[in-house]
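Pasting a structure below so you can have a look.
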Amino acid sequence: LVLVWAYYPLVRGSLMAFQEVRLLGGSRFVGVENFIRVVTNPMFMSMVSATVQFVAATLLLGFFAPVILAVLLAEARRFSTLFRVIYYAPHLLGGVVVLFVWRIFYMPTSEGLLNHLIGFLGLGPVRWLEDPLINKWMLVIPGVWATTGAACLIYLAALKTIDDELYEAADMDGAGALRKVMHITLPSLKP
């Protein structure tokens, strides 16, 4: 199964990179011509820049969002189990369901959830996925939202291993919540 579903597509895709692929009929070998066409495309650098921005935003949000959420959930006294279920639910939904949920959010008409909300502020409908200035960021958010819950549970488990005596000592020294997070929680999560 690994050969069929992982290695065969990898080898086949690598071969296709050096071919002019036709779905019906024979494909012909073109060597590095496909790579030259990509690199000499006038939009190549803007595509690389957009990809770097997308990856950086995904990595930054994908790391900090679950940590922040885990710290907030660890501090929640009431309904903490309910909150954990709510935040973990997107992980169970699957990609297609997440796609349809966010499609409703991003609808470019006034019926779209985000456009409906900003309509209360007197702002007109925004074409969220068509505007090149914001569409990268609008694509990052659903991916981070779908994975934050699972990562948050891992950080919550790590938070439970931090010795309460550290927090008690910080309280005795007069440390506030932010100082405790910066000097106890985050360093303890480092491993």
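The values are calculated or read from the model by the stated rules, or taken from the named source; none is laboratory data. Nothing here was measured: the structure is a model prediction, and the numbers come from that model. Note that we place each Cβ from the backbone using ideal geometry, even for glycine, and neighbour counts take in every protein chain shown. Heads up: the accessible areas ignore ligands, DNA and RNA and are worked out on the full protein's heavy atoms, side chains in. Shrake-Rupley method; radii C 1.70, N 1.55, O 1.52, S 1.80 Å.
Can you tell me the length gained on complete extension of the stretch Y7 to R103, counting 0.36 nm per residue apart and subtracting the Cα distance?
31.2 nm
While we're looking at this one, here's another question. What length, rounded to one decimal in nm, is gained on full extension from L23 through to A150, with 0.36 nm per residue of separation minus their alpha-carbon distance?
In short, 41.8 nm is gained.
Also, I was wondering about something else. Identify the residues of segment 139-153 with backbone N under 13 Å of a label point that sits 7 angstrom from the Cα of F83 along the Cα-to-Cβ direction, or state none.
Label zone hits: 153.
On each of the three principal axes of the Cα atoms of segment 52-145, give max minus min coordinate, whole Å, ordered largest first.
The principal-axis extents, from largest down, are 40, 33, 27 Å.
Using a cut-off of 15 Å between alpha-carbon atoms, which aspartates and glutamates can reach K190, once sequence neighbours fewer than 8 places away in the same chain are excluded?
Qualifying aspartates and glutamates at Cα under 15 Å: D163.
Note down the relative contact order for the chain as a percent, whole number, built from C-alpha pairs under 8 angstrom at least six residues apart.
Over the chain, the number comes to 19 percent.
Okay, moving on. To the nearest 500 deg cm²/dmol, what mean residue ellipticity at 222 nm is calculated for the chain from DSSP H runs of n ≥ 4 alone, each contributing -39,500 (n - 2.57), summed and divided by the residues?
Only helices count here, giving -20000 deg cm²/dmol.
Which whole number in µm²/s is D for segment 1-102 by Stokes-Einstein, with the Kirkwood Rh taken over Cα pairs at 37 °C and 0.692 mPa s?
Roughly 176 µm²/s, to the nearest whole number.
Rank F54, F64, F18 by mean-square fluctuation in a GNM of the chain with C-alpha springs under 10 angstrom and give only the top-ranked residue.
Comparing F54, F64, F18 in the GNM, the peak value goes to F18.
Another question, then. Might you work out the accessible area of E168 for me, using a 1.4 Å probe with all protein chains in place, and round it to the nearest 10 Å²?
Around 110 Å² of this residue is reachable by solvent.
For the full complex of protein chains and a 1.4 angstrom probe, list V98, V32 by accessible area with the highest value first. Don't jump to the answer; show the numbers that get you there.
On the way: V98 15, V32 85 Å².
Correct descending sequence by accessible area is V32, V98.
Then there's this: Considering every pair of different Cα atoms, what Kirkwood radius, in Å, is found for the chain?
One decimal place: 21.2 Å for the Kirkwood radius.
Would you kindly calculate the translational diffusion coefficient of segment 60-112, applying Stokes-Einstein with the Kirkwood radius from alpha carbon pairs, for 25 °C and a viscosity of 0.890 mPa s, and quote it in µm² s⁻¹ without decimals? The partial results should precede the final answer.
On the way: Rh = 13.1 Å.
Roughly 187 µm²/s, to the nearest whole number.
Suppose each label sits 7 Å from its Cα in the direction of the beta carbon; what would the D171-N41 distance come out to in nanometres?
5.9 nm
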